[in-house]
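**Student:** Below you will find the structure I want to go over with you.
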Amino acid sequence: MKTLAITDFKAHALQILGRIAKTKESVVITKRGKPLVEVIPFSASKPAPGKLSEALVFEKDIVSPLGEDMWDACK
């Protein structure tokens with residue numbers, strides 16, 4: 001994994017992003033010698049971090065467990 005100062009990244013951002021897309025190698029951007037962010041290549045096969053799409057359960061009928069009378073009362 002390559003590291004790069006933020007000033008160098010700012011000056012050459014488009015070239016660096018093109019290289020990341022081509023080589024699929026991530027780059028750590030540093031500020032005053034401390035890691036700030038990691039730029040990683042996009043991969044459609046991996047789910048994006050923070051998405052809850054696999055954690056959700058979709059129910060077909062949400063009215064039946066309460067019954068029609070209770071559902072109308074909850075409105």
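What follows is calculated from the coordinates using simple rules that are stated; it is not laboratory data. Only a predicted model underlies this, so the values are computations on that prediction, with no experimental measurement involved.
**Student:** For LYS10 and ARG32 in one chain, what is 0.36 nm times their gap in residues minus the Cα-Cα distance, to one decimal in nm? Let's see the in-between values first.
**Tutor:** Values: separation 22, 0.36 × 22 = 7.92 nm, distance 1.42 nm.
Once the chain is fully extended between LYS10 and ARG32, it gains 6.5 nm.
**Student:** Indicate the gyration tensor shape class of the range 1-41 (rounded, prolate or oblate), computed on the Cα atoms with a ≥ b ≥ c the square roots of the eigenvalues: a/c under 1.5 is rounded; otherwise a/b larger than b/c is prolate and the rest oblate.
**Tutor:** The shape class here is oblate.
**Student:** Next question. Excluding same-chain residues fewer than 8 positions from LYS51, which lysines have a Cα within less than 23 Å of its Cα?
**Tutor:** Cα-Cα hits under 23 Å: LYS24, LYS60.
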